[in-house]
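Enquirer: First the structure, then my questions, so here it is.
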Amino acid sequence: MKKIVFAVSFISVLLFMTGKYIFYTGASDTTVMGISHNLACPCECPMVLEDCHMSCGLKWKDQVGGFLKIGMTKDDIVSYFYKRYGGEALLTPTQRIAGKWYQLSRGGYPVKDIILFVMIVFVWTALAYSVLMMVVEKIQSAGAGRQ
């Protein structure tokens, strides 16, 4: 039973943390990074614009910054890119996952960030495991008390 609870804890935490990293940005919708989180890199690579540091991505980020300075909203800016560049400017969930994987598999993350991510996953797994084990033990003891 302990192995099952640990596996459920680990998989739940890993899926949550990965999903949070891929689909959520802590940046505000009034910043370049907040808006870039919703756009694809304009070149052939599958990256999310917020992660791109190539000249093509930097050019688009400069445009986003310029639009923010003149008072455009996130919806206005995303609409501009969609009208100007078509559907290739916008990200689907599949493209977002592929872009994040591309960045990770090409060495785009500092080692200390990966280590920190792993440590966070294990700490949360330990916490979730402890809570789930207490619940399981309470249920088992309540079931044994009725017999």
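Enquirer: Report the far tail of the P(r) of the chain, meaning the percent of Cα-Cα pairs longer than 25 Å.
Expert: So the pairs more than 25 Å apart make up 45 percent of the total in the chain.
Enquirer: How would you classify the range 31-109 from its alpha-carbon gyration tensor, with a ≥ b ≥ c the square roots of the eigenvalues: rounded for a/c under 1.5, else prolate if a/b is greater than b/c, otherwise oblate?
Expert: In terms of gyration-tensor shape, prolate.
Enquirer: Sticking with this one: Mind telling me which of Val32, Val78, Val136 comes out most flexible in a GNM of the chain, alpha-carbon contacts under 10 Å?
Expert: Residue with maximal mean-square fluctuation among Val32, Val78, Val136: Val136.
Enquirer: Name the most mobile residue of Tyr102, Tyr21, Tyr85, meaning the one with the largest mean-square fluctuation, in a Gaussian network model of the chain with Cα contacts below 10 Å.
Expert: Taking springs between Cα atoms under 10 Å, the residue moving most is Tyr85.
Enquirer: To make sure I understand the rule: partners must be lysines, Cα under 19 Å from the Cα of Lys69, and not fewer than 8 residues away in the same chain. Which ones qualify?
Expert: The reachable lysines, counting only those whose Cα sits under 19 Å from Lys69, are Lys59, Lys61.
Enquirer: Moving on to the next point. Working from Cα positions, state the angle (0 to 90°, nearest 10) between the long axis of helix 93-105 and the longest principal axis of the chain.
Expert: It is inclined by approximately 90 degrees.
Enquirer: Taking Cα atoms, how many degrees apart are the long axis of helix 111-146 and the longest axis of the chain, rounded to 10 and kept between 0 and 90?
Expert: Helix 111-146 sits at roughly 30 degrees to that axis.
Enquirer: Relative contact order of the range 31-109: what whole-number percent is it, with Cα pairs under 8 angstrom and at least 6 residues apart?
Expert: Taking the mean separation of contacting Cα pairs over the length of the range 31-109, I get 36 percent.
Enquirer: Suppose a student asked you for the relative contact order of the chain, using Cα pairs under 8 Å spaced at least 6 residues apart; what percent would you report?
Expert: 31 percent
Enquirer: Can you find, among Leu49, Val121, Ser9, the residue farthest towards the positive end of the dipole of the chain? Put +1 on the C-beta of Lys and Arg, -1 on that of Asp and Glu.
Expert: Towards the positive end, the residue furthest out is Ser9.
Enquirer: As a check on your grasp of the helix formula, calculate [θ] at 222 nm for the chain: sum -39500 (n - 2.57) over DSSP H runs of n ≥ 4, divide by the residue count, round to the nearest 500.
Expert: -23500 deg cm²/dmol
Enquirer: What angle do you read, to the nearest 10 degrees and between 0 and 90, between the alpha-carbon axis of helix 2-23 and the longest principal axis of the chain?
Expert: Between helix and principal axis, roughly 10 degrees.
Only the coordinates and a few stated rules stand behind these numbers; no lab work does. Here the structure is a predicted model, which means the values were calculated and not measured. Glycine also receives a Cβ, built like all others from the backbone with ideal geometry; neighbour counts cover every protein chain displayed.
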